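Trainee: First the structure, which I've put down as structure tokens, then a few questions once you've had a look.
The values are calculated or read from the model by the stated rules, or taken from the named source; none is laboratory data. Note that the coordinates shown come from a computational prediction; the quantities given were computed from them, not determined experimentally. Here the Cβ is made from the backbone with ideal geometry for all residues, glycine too, and neighbour counts use every protein chain on show. Heads up: the accessible areas ignore ligands, DNA and RNA and are worked out on the full protein's heavy atoms, side chains in. Shrake-Rupley method; radii C 1.70, N 1.55, O 1.52, S 1.80 Å.
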Amino acid sequence: MIAAALVLLQAVVRGWVVSGSYYFQDDFAHLDLARRSGLTSEYLVRDYGGHFEVGQYFLLWVMSHTIDQTFAPAAFAIVIMQAVASVLLFILLRTLFGPSPFILLPWTVYLFTPLAVGWSSWLSAAMQALPLQIATALVLIASAKAHKTGSRAWATGSVAAFAVGLLMWQKAGLILPLALAVHLLVVADPQPWRERLRGLRRTAGMWVGLVGVLTAYIVVYLNVVDGGLDSTAREGVEVGPMFGETLFRMFVPGLFGGPWHSTGAESTIFPYTETYPAMIFSLAFLGIVVASFMVTGRRALQGWFLLVGYLVADLALLGLGRADWIGILLRDPRYVADALPVMTIAVLAAFRGLWEPAPDERKAAQWLRSRMSLRMTMNAVAVLIVSCLVTTVRMAPVVQHDYAANYALGVARQMKEDPRRSVINTAPPFEVSARADLQGMMNAIGADVVFDRPATDMYLFDGLAQLKRMDLFPGSPSETGPQEGCGWSVGRLYEDLWAIDEEPVAPRILRMGYYSGVPATLDVSLAERTHTVELPAGLGQAFFVIGPEAGDVAARVSDGGSICITDVAVGPAWVADEAGAAAPAG
């Protein structure tokens, strides 16, 4: 009942945080791709920035059928996945350590730590972290039960869960060495090391299966992912700052619920912990480590070796795979989210002397056990929850991606208000999405809008999702027609106007000045593509979004009388304000 109440409370807290969040960065690209591609092999099996995530793409395809302009479907999925991960971790801890109430302490840290606030508010990050945690718990539960019971079913389940985890995210490859370490340091403890190794032979089929799955996955991964780790910039990474920032200013304070403010937090970046508070948190953690040795003796070293080893692996992968972004990722809990379940196992392994009395039991274990009643344990749990909630409440507004929400919803609302208005499909601000353009963003959230339509008046969105009238970049190449007072006289047959050069800019705009005595329909041909626009009578301009290719510009009137094309210009889109000044598009 206590465990169920804690999971329910976690769901309430996590639901409150993520329900106020919004889609962000890769979310738009993933959901747009899911809607456009459908459930195809080309969609599922792809290299996305060095990631190979077949399972995640499948889940996103399923979710894309429910996604709308609210974050509710994503929030619901995140809360459900988190609840599953939490329950499975509790089952794992009971499988490894029995029904001791002391399990509740590190498990509470896992449930409520503010280290999870940032990445759980970002759909793409949660879709990596939570399935990985679920797969980790399933593999460790099944492998522990296979060792204890000799059951082939549990062994097969462990291999299957590992395979599914790898399909979700390549970082699940760490599960195999983790499972081996948990077997040797936790499951087989306190047997002599020779007996621990013999235990591996008794479940040799399971371990061979796990190694085989990982080997096959690596072969597929290297064939799908272009360049692997070589796709990221290789820069020197200083180990000292990495451990200082990631462990002592982020990970350790987060385990205690700190740092109890939101200063320095942004998106998934954790708040900055000043030097003196970081030292206090570190000393408190050191006190826990010392207490574990007083309770369990040298066997406590096995638990801490498990945690340190896993954190070193996490940081090594961060340094290898994200060296080009390392400066801003040192305080990003996404990259150690998978270490949180390992932390619970490590702490309980280090303190197992509390509930496993030995002939040479230490006095510290007897003393602490006599005082660790269920009531005292729940008091400590309550303190941890309150500590974590202080930071969570302060962090929540910072990590909920308000800018992305305001921008995306602002674009969708204004496009819906006047569907006939022509707006250019530009890139949104980098802080909103670096991989999806406006059309992709709108498709991702289910907004049925059309960009880049030829028109006599074009607009674009600025960085605040405000519509601005568009013009060309000042000084863009232009040409006037040969006929004085008209330029080019264009009738029912195509008239060659100008040859433009290739220019790799986006968006690239073709502008035509015109004069027409009556309304007319103008067809413009360029690079085997035809653009059509309705022209009102009078003097005006027509705008067309074109590609970067070179080609001959030709025009005709398909409906109406002959018109004059006075001039033609081509160049990048540009914002022209009412004062005549210009500003760049986007």
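Trainee: Pick from the range 399-418 the residues that are among the hydrophobic types (A, V, I, L, M, F, W, C) and in a helix (DSSP H, G or I): which of them is nearest to Asp26 (Cα to Cα)?
Mentor: Filtering first and then ranking leaves Ala404.
Trainee: Give the residues of the range 436-450 that are farther than 15 Å from Ala465 by Cα and in contact (Cβ under 8 Å) with a residue 40 or more places away in the chain, sorted by residue number.
Mentor: Hits for the range 436-450 are Ala436, Gly440, Asn443, Ala444, Ile445, Gly446, Ala447.
Trainee: Look through the range 103-124, keep the residues that are surrounded by fewer than 24 Cβ atoms within 10 Å (Cβ to Cβ) and of a type in the set (A, V, I, L, M), and return whichever of them is nearest to the chain's Cα centre (by Cα).
Mentor: Val109
Trainee: If you don't mind, another one. Looking at (1) on the phi < 0 side of the Ramachandran plot; (2) within 32 Å of the chain's Cα centre (by Cα); (3) not small (Gly, Ala, Ser), which is the only condition His401 fails?
Mentor: Just one mismatch for His401, condition (1).
Trainee: Within the range 441-459, which residues are more than 28 Å from Met512 (Cα to Cα) and crowded, with 22+ Cβ neighbours inside 10 Å?
Mentor: First, pick out the residues of the range 441-459 that are more than 28 Å from Met512 (Cα to Cα): 441-448.
Of everything in the range 441-459, those that are more than 28 Å from Met512 (Cα to Cα) and crowded, with 22+ Cβ neighbours inside 10 Å turn out to be Met441, Met442, Ala444, Ile445.
Trainee: If you don't mind, another one. Has the range 73-95 got any residue that is open to solvent by less than 30 Å² (accessible area, probe 1.4 Å), in contact with a helix residue (DSSP H, G or I) (Cβ under 6 Å, 6 or more places away or on another chain) and more than 26 Å from Leu138 (Cβ to Cβ)?
Mentor: The answer is no, given that none of the residues of the range 73-95 is open to solvent by less than 30 Å² (accessible area, probe 1.4 Å), in contact with a helix residue (DSSP H, G or I) (Cβ under 6 Å, 6 or more places away or on another chain) and more than 26 Å from Leu138 (Cβ to Cβ).
One line per residue, one yes/no per condition, for (1) open to solvent by less than 50 Å² (accessible area, probe 1.4 Å); (2) under 24 Å from Gln439 (Cβ atoms):
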site: Glu495; (1), (2): no, no
site: Phe543; (1), (2): yes, yes
site: Arg556; (1), (2): no, no
site: Gly560; (1), (2): yes, no
site: Cys564; (1), (2): yes, no
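Trainee: On the given criteria, is Val139 aliphatic (A, V, I, L, M), open to solvent by 10 Å² or more (accessible area, probe 1.4 Å) and at pLDDT 95 or above?
Mentor: So Val139 fails the test.
Trainee: Within the range 157-176, is even one residue touching a residue at least 60 places away in the same chain (Cβ under 8 Å), open to solvent by less than 30 Å² (accessible area, probe 1.4 Å) and of a type in the set (Lys, Arg)?
Mentor: yes
Trainee: Given the criterion of a type in the set (A, V, I, L, M, F, W, C), at pLDDT below 90 and out of contact with any His (no Cβ under 8 Å at 6 or more places or on another chain), identify the matching residue among Val224, Val213, Val219, Val187.
Mentor: So the residue among Val224, Val213, Val219, Val187 that is of a type in the set (A, V, I, L, M, F, W, C), at pLDDT below 90 and out of contact with any His (no Cβ under 8 Å at 6 or more places or on another chain) is Val224.
Trainee: Return a yes/no flag: does the range 558-572 have any residue that is closer than 30 Å to Gly463 by Cβ, at pLDDT below 90, among the β-branched types (Val, Ile, Thr) and in a strand (DSSP E or B).
Mentor: No, the range 558-572 contains no residue that is closer than 30 Å to Gly463 by Cβ, at pLDDT below 90, among the β-branched types (Val, Ile, Thr) and in a strand (DSSP E or B).
Trainee: Identify all residues within the range 38-61 that are buried (at least 16 other Cβ atoms within 10 Å of the Cβ) and assigned to a helix (DSSP H, G or I); write none if there are none.
Mentor: Tyr43, Leu44, Val54, Gly55, Gln56, Tyr57, Phe58, Leu59, Leu60, Trp61
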